[in-house]
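Trainee: Structure in structure tokens, see below.
Just so it is clear, none of the values below were taken in a lab; they were calculated from the coordinates. Everything numeric here is computed off the predicted structure, so don't read it as measured data. Here Cβ is always computed from backbone atoms with ideal geometry, including for glycine, and neighbour counts include all displayed protein chains.
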Amino acid sequence: MRTIGTVTRLQIQRDSLKTGEKPTRTYDPAPLLAVPALHVSPDGALGASPGGMWAVDVHHRSHPVTKNEDGLHGISLGFTSHYDAMRAHFGEKVVVGCAGENIIATSDRQFGYDDLAAGVAILSPEGKERVRLKVLQVAHPCRPFTGWALGKTVEPEELKKHLQFLDGGMRGFYCVGEGMGTVSLGDSVAIL
């Protein structure tokens, strides 16, 4: 295993970030909730919330309106280096976490699917493995997020170049938990 970053943000999506009907759907990061710990399982993520309760992420298979019926994208992983690139491209509106990944690690380099295809492990600060994530695919970009990042409706000819920039893992990676474990701020992400 090789450590590639430190977990600096954990969050859940309490509801969908995209609303409306195609092709006029809109994006709003308001349903995101930062949490100090994230319980990961093959079904998705639960976020620790005040009072000792666990909040269910909209991609958890037990959420009443789950966005993960097939169980193939219950967890998402992103990197601060990708946010640095998105902020340089779109401007200051793009803050760490606004794309909705559950686990965001600080890293000084960008990653593509091939870098993470073997999977990742989340390790405690002492090096104990907390949980493994099977990296399934990149989170492909969408018109609603792109329009939100630009602050306007994006016409097809302009949309293409922004979608190309955002593809290839820039918006993070869809994963599934292999086993169960609780991830905390300060843990490490390591390539298997």
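Trainee: With +1 on each Lys and Arg Cβ and -1 on each Asp and Glu Cβ, and nothing else charged, work out how big the dipole of the chain is about its Cα centre, in Debye to the nearest 20.
Mentor: The calculated dipole for the chain is roughly 140 debye.
Trainee: Can I ask one more? Quick check on packing: order 1-12, 110-121 by the mean number of other C-beta atoms within 10 Å, highest mean leading.
Mentor: For the peptides 1-12, 110-121, the packing ranking is 1-12, 110-121.
Trainee: For the Cα atoms of the chain, what angle does the longest principal axis make with the long axis of helix 156-166, in degrees from 0 to 90, nearest 10?
Mentor: 20 degrees
Trainee: For the charge dipole of the chain, defined by +1 on Lys and Arg C-beta atoms and -1 on Asp and Glu C-beta atoms about the Cα centroid, which residue among Leu72, Pro156, Ile12 has the Cα displaced farthest towards the positive pole?
Mentor: Highest projection toward the positive end goes to Pro156.
Trainee: Applying the Karplus parametrisation 6.51 cos²θ - 1.76 cosθ + 1.60 with θ = phi - 60° to the phi angles of the range 133-146, what ³J(HN,Hα) value in whole Hz is obtained for each residue in order, glycine and proline being reported as x?
Mentor: In residue order, the calculated couplings are 10, 8, 7, 8, 6, 6, 7, 5, x, 9, 4, x, 5, 4 Hz.
Trainee: First check a/c for the range 60-158, with a ≥ b ≥ c the square roots of the eigenvalues of its C-alpha gyration tensor; if it is under 1.5, answer rounded, and if not, answer prolate when a/b is larger than b/c or oblate otherwise.
Mentor: Taking the square roots of the gyration eigenvalues as a ≥ b ≥ c, the range 60-158 is oblate.
Trainee: Full-extension gain between Ala85 and Thr106, please, as 0.36 nm times their residue separation minus the C-alpha to C-alpha distance.
Mentor: The Ala85-Thr106 span can extend by a further 6.2 nm.
Trainee: Take every Cα pair under 8 Å in the range 14-96 that's 6+ residues apart, average their separations, divide by the length, and report that relative contact order as a whole percent.
Mentor: 18 percent
Trainee: Just to confirm my numbers, what's the Cα centroid distance between the range 32-88 and the range 97-152 in Å?
Mentor: The two parts, judged by their Cα centres, are 11 Å apart.
Trainee: I'd like the Karplus ³J(HN,Hα) series for the range 85-98: coefficients 6.51, -1.76, 1.60, θ = phi - 60°, whole numbers in Hz, and an x wherever there's a Gly or Pro.
Mentor: 5, 5, 5, 5, 7, 9, x, 5, 4, 7, 9, 4, x, 5
Trainee: Which FRET efficiency value, to the nearest 0.05, is calculated for Thr19 and Glu126 with the Förster distance at 30 angstrom and r the Cβ-Cβ distance?
Mentor: FRET efficiency, Thr19 to Glu126: 0.10.
Trainee: Between Glu178 and Lys160, what is the label-to-label distance in nm when each label sits 7 Å out along the Cα-to-Cβ direction?
Mentor: The answer from the label model is 3.9 nm.
Trainee: To the nearest 0.05, how large is the calculated FRET efficiency for Asp115 and Ser49 if R₀ is 41 Å and r is the Cβ-Cβ distance?
Mentor: About 0.80, to the nearest 0.05.
Trainee: Could you state the per residue volume, in Å³, of the convex hull enclosing the Cα atoms of the range 2-191?
Mentor: Output value, Cα hull per residue: 114 Å³.
Trainee: Between Ser62 and Leu33, what is 0.36 nm times their sequence separation minus the Cα-Cα distance? Round to one decimal in nm.
Mentor: 8.6 nm
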